[in-house]
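I have placed the structure first, in the form of structure tokens, so that the comments after it can refer back to it.
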Amino acid sequence: MFDKVRVRFAPSPTGGLHLGGVRTVLFNYLYAKKYNGDFIVRIEDTDQGRFVEGAEKYIFNCLDWCGLVPDESIFHGGPYAPYRQSERKAIYRQYAEQLLKKGNAYYAFDTTAELEFMRERLKSEGSNSLQYDHRIRMSMNNSLRLSAEETKGLLDAGTPYVIRIKVNPGEPVSFTDMIRGDMEFDTNNVDDKVLLKADGMPTYHLAVVVDDYLMKISHAFRGEEWLPSAPVHILLWKYLFGLDQMPQWAHLPLILKPDGNGKLSKRDGDRLGFPVYAMDWTDPITNDITKGFKELGFLPEAFINLLAVLGWNDGTEQEIFSLEELIDKFSIERVHKGGAKFDFEKAKWFNHEWIKKLGIGHYEGRVKEIFEKNGIRIADDQYLHKVMGLIKERCVLLPDFYTQGVLFFEAPNAYDEVSVKPKWNDDKKSYFNDIIELFEHLEAWDAVAIEEAFKLLASQKNIKAGELQMIFRVMLVGGKTGPAQFVIAETIGKAETIKRVRNALEVFG
Ligand code: GLU
């Protein structure tokens, strides 16, 4: 039926990109790439009231960061341009008119006050549905109830109107979801959704169907929250293009809050202290910043990996997957039907694994930026590289490179004196005065040579090396943390080591 796999991500540019959105992109992308298909990004901005400045660019920045590059989009071009629905306004009207002609849609002239009145009436009658549907449409101000002349008169007079789909009760509506299997809907409870608004813009429902058709979309993965809209979409497909043209749908399970039930929201993230957006999002009106995974120090490889396994696995125990492996192994049969709980600790574990797995070169630039943001200018990239190699096993998020690594760039400005004081005495003081001299004459400055010299002097002076090592570490880095002290000394160099011992001697007295 379709010559080629063509999938689309169809975001509305209304704000930050939720991790669920990125997972939707990812599953579309994996499916397309697995079958040598195209991945299209279409901007669904027909609801101009919800348009947010900057959101479009931001979405593409997020995709760029994740390495999920579209084949066609507003920025990548393509044979089905334009890819922004507001620029396709003229296209949709003709389809709405086709539906009118065939009797599958009608003009509705109801004013806001009339609609409000309808809802009040339904409420007072104790109706459990307040929708505009087959039950009430014949009592409303629309072309189904009005005569042809009356309708023409209103249209000629320029009366504002919308076009609504006419949903017939009892019409069978079903489709086979790639994840959920056969789905059936009862049109009795489906409302006559607006297809074309008074300003001439289509609603999402009309635009999504028309564009999926015109852009030859073969498969579409979208969030489970769109399942209730499926019956209207299926009816539109049936009336306009034929059901055999409809893409195969897959409604992805929700990403759930870590505690309790329900979809993970931005508020849960704020409440539990973790990001929910892919990248930092600055609200253009309030300037409020909502934190993103990227800025918190996640690697895109880890972010993609953790999203892939939220609702999918390959049937083995494997958890770490590169994008290439995911393309290779992704299979729709293994996407779960149920929602997946988000676990931030597990998300961090993925990042830690990817920090260890990838070559430092992959993220060195970002770490350098973090150092510089914290006021440390990196004059020697090779030195930073070396330091990163020493500490990468301990880093979970990228800023950890700064907290773990700053000691290689700056002498401590405070010491853990509580640990040192009880062990400090004149013998130790004289030991460290002598070690300075020894260090000065040491020819090879490497961890082994430093350790040998250190221990030799300790045994000559008959002092326990263990206690001296602890003090030496505090002298170098201020506390008892960090890699092995002789490695630190080797890395920061002879002059800096001697300087730090001297500084500490002054403080310890
Ligand atoms: N524009 C919809 C959204 O904002 C897309 C839903 C769909 O994929 O059909 O999520």
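The values are calculated or read from the model by the stated rules, or taken from the named source; none is laboratory data. All values derive from a computational prediction rather than experimental measurement. Quick reminder, even Gly has a Cβ in these numbers, built from the backbone with ideal geometry, and neighbours come from all protein chains shown.
Residues of region 6-18 being more than 16 Å from the chain's Cα centre (by Cα) and either among the aromatic types (F, W, Y) or more than 9 Å from the ligand (Cβ to nearest atom) (or both), which ones?
R6, V7
Just one of Y80, Y29 is of a type in the set (F, W, Y) and surrounded by fewer than 19 Cβ atoms within 10 Å (Cβ to Cβ); which is it?
None of the other options fit; the residue is Y80.
Just checking, does region 115-133 include any residue being within 30 Å of H362 (Cα to Cα), at pLDDT 95 or above and charged (D, E, K, R)?
no
Could you list, in sequence order, the residues of region 40-50 that are free of Cβ contacts under 8 Å to residues at least 60 places away in the same chain and more than 12 Å from the ligand (Cβ to nearest atom)?
Across region 40-50, the qualifying residue is only G49.
Those residues that are more than 13 Å from the ligand (Cβ to nearest atom) and either part of a helix (DSSP H, G or I) or surrounded by 15 or more Cβ atoms within 10 Å (Cβ to Cβ) (or both), I need them from region 225-247; list them, please.
P231, L235, K238, Y239, L240, F241, L243, D244, Q245 - these are the residues of region 225-247 that are more than 13 Å from the ligand (Cβ to nearest atom) and either part of a helix (DSSP H, G or I) or surrounded by 15 or more Cβ atoms within 10 Å (Cβ to Cβ) (or both).
Restricting to region 18-52, count the residues that are outside any strand (DSSP E or B) and over 24 Å from K89 (Cα atoms).
The qualifying residues number 19.
Pick out the one residue from G37, G21, G67, G77 that is away from the ligand (no atom under 16 Å from the Cβ) and under 18 Å from the mean Cα position of the chain (by Cα).
Unique residue meeting the criteria: G67.
Would you say D3 is away from the ligand (no atom under 13 Å from the Cβ) and either crowded, with 24+ Cβ neighbours inside 10 Å or more than 15 Å from the chain's Cα centre (by Cα) (or both)?
The answer is yes for D3.
If K57 satisfies every condition in (1) over 24 Å from L195 (Cα atoms); (2) in contact (Cβ under 8 Å) with a residue 12 or more places away in the chain; (3) surrounded by fewer than 23 Cβ atoms within 10 Å (Cβ to Cβ) but one, which is the exception?
(2)
Return the pair list, or none, for Cβ contacts closer than 8 Å from residues in region 386-399 that are over 18 Å from K294 (Cα atoms) and at pLDDT 95 or above to residues that are of a type in the set (D, E) and surrounded by fewer than 18 Cβ atoms within 10 Å (Cβ to Cβ), at least 6 apart or on different chains.
As it stands, the answer is M388/E364, since those pairs meet every condition given.
I'd like the residue in region 181-213 that is within 20 Å of E44 (Cβ to Cβ) and charged (D, E, K, R) and, out of all such residues, is nearest to the ligand (Cβ to nearest atom).
Going through the qualifying residues, I end up with D212.
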